[in-house]
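**Student:** Attaching a single structure in structure tokens format; questions to follow.
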Amino acid sequence: MIPSFNLARIPHIIFGPGKLANLYSLISQYGKSVLIVVGASSLKKSGKLDEIQMTLGDKMINYHVISPTW
């Protein structure tokens with residue numbers, strides 16, 4: 001279970017084609033743990049979620065994936 005936390009400001013959002021390559025260097029600027037919030041299924045169906053999880057594991061970065069239900 002994820003412990004409680006407060007969000008104080010809107011995060012820096014990077015979005016668009018080819019931006020996934022920037023993910024791992026961005027994470028290292030902030031620490032060694034990430035929360036990945038995904039939609040219903042498109043990221044998983046595309047295979048990108050598996051790629052992200054494998055790379056995070058290889059880089060020894062802790063992660064937790066959640067998919068909010070609306």
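**Student:** Taking Ile14, is it in a loop (DSSP other than H, G, I, E, B), surrounded by 10 or more Cβ atoms within 10 Å (Cβ to Cβ) and among the aliphatic types (A, V, I, L, M)? Please lay out each step first, then the result.
**Tutor:** Values: in a loop (DSSP other than H, G, I, E, B): yes; surrounded by 10 or more Cβ atoms within 10 Å (Cβ to Cβ): yes; among the aliphatic types (A, V, I, L, M): yes.
Yes, satisfied.
**Student:** Taking region 17-36, which residues are exposed (fewer than 10 other Cβ atoms within 10 Å of the Cβ) and either under 18 Å from Pro68 (Cβ atoms) or touching a residue at least 40 places away in the same chain (Cβ under 8 Å) (or both)?
**Tutor:** None; the set is empty.
**Student:** Kindly check whether there is at least one residue in region 19-30 that is small (Gly, Ala, Ser) and in a loop (DSSP other than H, G, I, E, B). Before the answer, list the steps.
**Tutor:** First, the residues of region 19-30 that are small (Gly, Ala, Ser): 21, 25, 28.
With the extra rule that they be in a loop (DSSP other than H, G, I, E, B), the set shrinks to none.
No, there is no match, as no residue in region 19-30 is small (Gly, Ala, Ser) and in a loop (DSSP other than H, G, I, E, B).
Read-outs throughout are calculated quantities, based only on the coordinates presented, and are distinct from any laboratory measurement. Not measured: the values here are computed from a predicted model. Heads up, the Cβs are rebuilt from the backbone with ideal geometry, glycines too, and the neighbour counts pull from every protein chain shown.
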